[in-house]
Each structure stands twice: as C-alpha cells, then as structure tokens.
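To start, the structure itself, in structure tokens.
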Amino acid sequence: MLEREPTRRIGLARALSKLGYCSRSQAAELIRAGHVRLNGDLRRDPETPVRPGQDRVSVEGDAIEQRQKVYLMMNKPRGLVTTASDEKERPTVYSVLNGAHLPWVAPVGRLDKASEGLLLLTNDSEWGARVAAPETHLQKIYHVQIGVAADEELVASVVRGVGHDGENLRATQARLLRSGQKNCWLEIILNEGKNRHIRRMLEALGVEVLRLVRTAIGPLELGKLAKGEYRQLTADEKKMLDRAMRARTS
C-alpha cells in the first residue's frame, strides 16, 4: 500500500496572499496585529505553517476562501506611484481603481512615478511573480523621449551597455522612432528590468529622459487603452502571455 504524501505547507502570510486576500506584507501586518486565526486559533507569526486546501484561515472572524483570479491591464498615468500605500502620501495606481468592485490586486513589477504605460495587476501572486521574474525573459517595450537628437552611436551604446553603480545596464534592442531638432523618440526593448534601468542607463550616457512609456509586455500591447483607464485581460490575452512565458523558460 502506497503511503500518502504529506501536504506541502506554506507560511500563513503567503497562504493569505495565495488566497487573493491581500499582499504578503499586508497579511504579515494583519497576523502580527492579532486579526488572523488558523483553524480557530489566534496566530501572530506570519510563518505559521498552513496546509493549503485543508486548514481554515479567517480574518476578524470572516473565513477566507479562494478568490476568483483577476488579471488587469492599466495605462498608468505619470505621477502615480506603483504601490498599495505610500509613506509620503503620494497618489498611487490604486486611485485609478477607486470605486471598482474588485478583489484585492497587486501590481506586477513596477513603473516609477514619472513613467507611464502598460502595467499589469492581479491577485494571482504566483502568476505575477512569473511575469516579473528576470529568468522568464519576457520582453518589455518602451518608447522613450530624450532631450537630444540621437545618432547611430547613441543607439549602439544603449545596446552595447554602460556601467552604472557597479551594474551593467544595456538594452536587448534599440532603434530611433522619430527625431526632431532638439529631442527624439527611441524604442528600447529590455528582457530584464533592473531598478530605473532605462533612466540610469541614459543618465550614464549624459542623456535626459523627457518621457518614458511602456507599450508592451511580451506579446501583450497597450494598444488603444486610454491613459488612466484599465480593463480585464481577455482569455486569449492571458493564454498568449502564458504561452510566451513557457516558450521563454523551456
């Protein structure tokens, strides 16, 4: 007779996040504050082991069940920070969702305050982590307005890479989109996203970034989604992203 494999256990904070209730950091705060019970017993350790699908988790007396998975795309406006709450009380991307009847969702990766464009949000924390993971190598496409008229050498330097604070920052591809006398637009493609990657790379080359807009993540394009608007991904768009991630990791 085969022995039954023991159920894999995960930490209580991660369990709340996987159920789509809140982020793992928010869950840890709730647990430490004494708002969470496991099988009826109060727990204050975010790492308390939980058996997914077997143990009962409740917050302030309300049983937490698996939430329906939600996958959103947003055209993030400039001036919003990509976080649930900000210690400086700056407006966040959640102001775009204000009043919407949605479960908790978290941004997938980040766009800094001055950047615009395509941002994904989901309550499927494992899927979001795969999209953002460097090893997935999903290409991100950016349209970048810079304060100089670019030449071929500048474009080549962006692809060749530069050193900045001990890191090598480079683009997978780059090309000139359109040019004026005092500024121009570049298309820059990354397959990894280090902190403020494009801004730091161009700063090291002595180039000022005037605007930075993310237009695509893998095969998913921003398209005609208006600035400050959001919508659910279609089933085909979700499948398209999933296929792209499988192809990149296989």
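The values are calculated or read from the model by the stated rules, or taken from the named source; none is laboratory data. This is a predicted model, so every value here is computed, not measured. Backbone-built Cβ (ideal geometry, glycine too); neighbour counts: all protein chains shown.
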request  = Just give me the residues in segment 217-250 being of a type in the set (Gly, Ala, Ser) and under 20 Å from residue 79 (Cα atoms), in sequence order.
outcome  = 226, 228
key: Enumeration of residues in segment 177-197 that are within 17 Å of the chain's Cα centre (by Cα) and not in a strand (DSSP E or B)   = 191, 192, 193, 194, 195, 196, 197
key: Matching entry among 27, 100, 63, 33 (being among the small types (Gly, Ala, Ser) and closer than 30 Å to residue 134 by Cβ)   = 27
task = Residue by residue through segment 203-216, note down the ones that are more than 20 Å from the chain's Cα centre (by Cα) and hydrophobic (A, V, I, L, M, F, W, C).
result = 204, 205, 207, 209, 210
query = Can we say residue 231 is surrounded by 15 or more Cβ atoms within 10 Å (Cβ to Cβ), within 20 Å of the chain's Cα centre (by Cα), under 30 Å from residue 96 (Cα atoms) and touching a residue at least 40 places away in the same chain (Cβ under 8 Å)?
reply = no
query = Pairs under 6 Å by beta carbon, first residue free of Cβ contacts under 8 Å to residues at least 60 places away in the same chain and surrounded by 22 or more Cβ atoms within 10 Å (Cβ to Cβ) in segment 186-202, partner charged (D, E, K, R) and not in a helix (DSSP H, G or I), six or more apart or different chains?
reply = 190/140
remark   = Just one listed residue, out of 61, 53, is at pLDDT below 85 and loosely packed, with under 11 Cβ neighbours inside 10 Å, and it is 53
Matching option when the condition is at pLDDT below 95, crowded, with 16+ Cβ neighbours inside 10 Å and more than 30 Å from residue 145 (Cα to Cα), among 46, 103 = 46
task = Residue by residue through segment 116-163, note down the ones that are touching a helix residue (DSSP H, G or I) at 6+ places or on another chain (Cβ under 8 Å), within 24 Å of residue 182 (Cβ to Cβ) and crowded, with 17+ Cβ neighbours inside 10 Å.
result = 142, 144, 146, 158
query = Pick from segment 206-228 the residues that are of a type in the set (Val, Ile, Thr) and either on the phi > 0 side of the Ramachandran plot or assigned to a strand (DSSP E or B) (or both): which of them is surrounded by the fewest Cβ atoms within 10 Å (Cβ to Cβ)?
reply = 215
inquiry  = I'd like to check something: does segment 19-42 contain any residue that is in contact (Cβ under 8 Å) with a residue 40 or more places away in the chain, over 24 Å from residue 102 (Cβ atoms) and not acidic (Asp, Glu)?
reply    = no
ask   = Does residue 200 count as part of a helix (DSSP H, G or I), among the basic types (Lys, Arg), under 22 Å from residue 133 (Cβ atoms) and within 22 Å of the chain's Cα centre (by Cα)?
value = yes
request  = State the number of residues belonging to segment 118-139 that are touching a strand residue (DSSP E or B) at 6+ places or on another chain (Cβ under 9 Å), under 18 Å from residue 106 (Cβ atoms) and either assigned by TED's automatic domain parsing to the domain that holds residue 191 or not β-branched (Val, Ile, Thr) (or both).
outcome  = 12
